[in-house]
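What follows is a short report on a single structure.
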Amino acid sequence: MIPKTIHYCWFGRKKKPGLVKKCIKSWKKHCPDYTIIEWNEDTYDIASSPLFVRQALEAEKWAFAADYVRYRVVYEHGGIYLDTDVEIIKNIDFLLSDSVFFGVQHLDFYPASGLGFGAEKNHPFLKELMRSYEDNPFRMKNGAFNQIPCPVRDLPVFCKYGFTAVDQEQILENGVHIYPTEYFCPRIKGNPFLKKTANTVMIHRFAATWLPMTWRIKRRLDEYKYYFLHNLFRFGG
């Protein structure tokens, strides 16, 4: 049973913008009996973290540090992790019966830990996901940063247990419960196929503040291109 705890990361000591405050408020509204824990420079033991995390924090690449920290805190305490741009729109108690769960993101249908994932304390699958960060530095030998997005970095671990990149519910060989996009990651605008449904409990607002503005614009254009082609082939042009 997953405990009623919501974890989130907020490194950098900056003031929380309006979207973040709105999302956290939604957690409290729909999950009033959950404990909410913020992990930051004061509450998380940075010294015990792998080199990847320490180098990411030194470079002020907060999101990449959080990619590891989220797994570690849920592994050590149990509970649910949410990125600060995830809005909860209804109670999520049904997820607590899973031993571990993830949702897939729209566009590529890869599992994405930032959408919201949960696990029982000491679940071995999280230990496997942590290993890639523990075995590699964030600053590579050539000085460049190891900025592989977590859905891409984590994908081989999911595939090891039978995951396929499709938008449907899956129970992997190790019992990991994969939820389709309609649960955690519906597209509200610009997508005629992935819409909010009766099953939607969260909405990932995709602030993507770790990406430069040009990349965020490119990402949005890629989404529109994908859905146009999907529409063309689905309905025969």
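The values are calculated or read from the model by the stated rules, or taken from the named source; none is laboratory data. Computed from a prediction, not measured in an experiment: that's the story for all the values here. Every residue, glycine among them, receives a Cβ derived from its backbone with ideal geometry; neighbour counts consider all protein chains shown. What goes into the accessible areas is simple: the full protein's heavy atoms, side chains included, and nothing from ligands, DNA or RNA. Shrake-Rupley method; radii C 1.70, N 1.55, O 1.52, S 1.80 Å.
Before moving on, here are some points about what is shown:
- Residues of segment 52-77 satisfying the condition of being crowded, with 20+ Cβ neighbours inside 10 Å and touching a Pro at 6+ places or on another chain (Cβ under 8 Å): PHE52, TYR68
- Contact map, segment 149-170: first residue farther than 22 Å from ASP67 by Cα and charged (D, E, K, R), second residue part of a helix (DSSP H, G or I) and open to solvent by less than 40 Å² (accessible area, probe 1.4 Å), Cβ cut-off under 9 Å, separation 6 or more or different chains; pairs are ASP167/THR181; GLU169/TYR183.
- Set side by side, the residues PHE145, PHE109 differ, and just one is touching a helix residue (DSSP H, G or I) at 6+ places or on another chain (Cβ under 8 Å), surrounded by 17 or more Cβ atoms within 10 Å (Cβ to Cβ) and of a type outside the set (A, V, I, L, M), which is PHE109.
- Boolean, THR43 is more than 15 Å from TYR81 (Cα to Cα) and open to solvent by 20 Å² or more (accessible area, probe 1.4 Å): yes
- When residues of segment 160-183 are limited to those that are under 17 Å from the mean Cα position of the chain (by Cα), outside any loop (DSSP other than H, G, I, E, B) and at pLDDT 95 or above, the one nearest to ILE92 (Cα to Cα): TYR183
- Residue within segment 104-114 that is in a loop (DSSP other than H, G, I, E, B), out of contact with any His (no Cβ under 8 Å at 6 or more places or on another chain) and of a type in the set (Phe, Trp, Tyr) present: yes
- Taken over segment 78-103, the criterion of being assigned to a helix (DSSP H, G or I), under 22 Å from LYS25 (Cα atoms) and open to solvent by 10 Å² or more (accessible area, probe 1.4 Å) is satisfied by ASP93, PHE94.
- When residues of segment 118-142 are limited to those that are in a loop (DSSP other than H, G, I, E, B) and open to solvent by less than 30 Å² (accessible area, probe 1.4 Å), the one farthest from ASP67 (Cα to Cα): HIS123
- Residue within segment 157-176 that is among the charged types (D, E, K, R) and either buried (at least 21 other Cβ atoms within 10 Å of the Cβ) or within 22 Å of SER48 (Cα to Cα) (or both) present: no
- Residues that are part of a helix (DSSP H, G or I) and without any contact (Cβ under 8 Å) to a residue 40 or more places away in the chain, drawn from segment 13-49: GLY18, LYS21, LYS25, LYS28, ILE46, ALA47, SER48
- Residue within segment 63-78 that is farther than 20 Å from ARG131 by Cβ, of a type in the set (D, E, K, R) and without any contact (Cβ under 8 Å) to a residue 60 or more places away in the chain present: no
- Test for TRP10: is it at negative phi, open to solvent by less than 60 Å² (accessible area, probe 1.4 Å) and in contact (Cβ under 8 Å) with a residue 60 or more places away in the chain: yes
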